[in-house]
Amino acid sequence: MTWKDRCVRTEELQATNAQLQAEVAERKRAEQALRQQLDRTSLLNQITRAIAEREGMESNFKITLNFLEEHLAIDFSRVYSWIRLPATLR
C-alpha cells in the first residue's frame, strides 16, 4: 500500500468515524426524547389512577397539582373550573 493509498484510507476512516459519531449522538437524543415521553405517560397514568380512587373535584385538582409539582418541577400552578350554566331567556 502506497503512502497516498494510506492517506486516502485514513481520510475515509475519519469520515466514516465522524458519521458514526453523528449517528450515535442522534440516537442518544432520540432515546432521551423517548424516555421523557415515557416519563410523561407514566405520570399521566399515575394521575389517572389517583383520580379514579378519589371522589370530588377539589380532591382531584389537589392530587393532579401535587403530581405535576413533584414530577415536572412546577413552582406554581393553578386550576380553573368552568361551569356552563344553562341558557335562559329573560
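The values are calculated or read from the model by the stated rules, or taken from the named source; none is laboratory data. Everything numeric here is computed off the predicted structure, so don't read it as measured data. Virtual Cβ from ideal backbone geometry, glycine too; neighbours counted across all protein chains shown.
What is the one condition in (1) within 22 Å of W82 (Cα to Cα); (2) part of a helix (DSSP H, G or I) that E26 does not satisfy?
(1)
So S42 passes all but one of these: (1) hydroxyl-bearing (S, T, Y); (2) over 18 Å from the mean Cα position of the chain (by Cα); (3) surrounded by 11 or more Cβ atoms within 10 Å (Cβ to Cβ). Which condition number does it fail?
(2)
Quick check on the range 60-79. Is at least one of its residues in contact with a Lys or Arg (Cβ under 7 Å, 6 or more places away or on another chain) and at pLDDT below 85? Step through it out loud before you land on a result.
Pass one, the range 60-79, residues in contact with a Lys or Arg (Cβ under 7 Å, 6 or more places away or on another chain): 60, 63.
Now drop any that are not at pLDDT below 85, which leaves 60, 63.
Within the range 60-79, one or more residues are in contact with a Lys or Arg (Cβ under 7 Å, 6 or more places away or on another chain) and at pLDDT below 85.
Could you give me the residue pairs with C-beta distances under 8 Å whose first residue belongs to the range 49-71 and is surrounded by 12 or more Cβ atoms within 10 Å (Cβ to Cβ), whose second residue is of a type in the set (K, R) wherever it lies, and which are 6+ apart or on separate chains?
That search, which allows pairs on different chains as well, returns N60/R54; I63/R54.
Within the range 33-55, how many residues turn out to be modelled with pLDDT of 80 or more and either hydroxyl-bearing (S, T, Y) or outside any helix (DSSP H, G or I) (or both)?
Of the residues in the range 33-55, 4 are modelled with pLDDT of 80 or more and either hydroxyl-bearing (S, T, Y) or outside any helix (DSSP H, G or I) (or both).
Exactly one of (1) touching a residue at least 12 places away in the same chain (Cβ under 8 Å); (2) outside any helix (DSSP H, G or I) is unmet by I83. Its number?
With respect to (1) touching a residue at least 12 places away in the same chain (Cβ under 8 Å); (2) outside any helix (DSSP H, G or I), I83 is out only on (1).
Closer than 30 Å to I63 by Cα, out of contact with any strand residue (DSSP E or B) (no Cβ under 7 Å at 6 or more places or on another chain) and touching a residue at least 24 places away in the same chain (Cβ under 8 Å): does that describe L43?
Working: closer than 30 Å to I63 by Cα: yes; out of contact with any strand residue (DSSP E or B) (no Cβ under 7 Å at 6 or more places or on another chain): yes; touching a residue at least 24 places away in the same chain (Cβ under 8 Å): yes.
Here the answer is yes, as L43 does meet what is asked.
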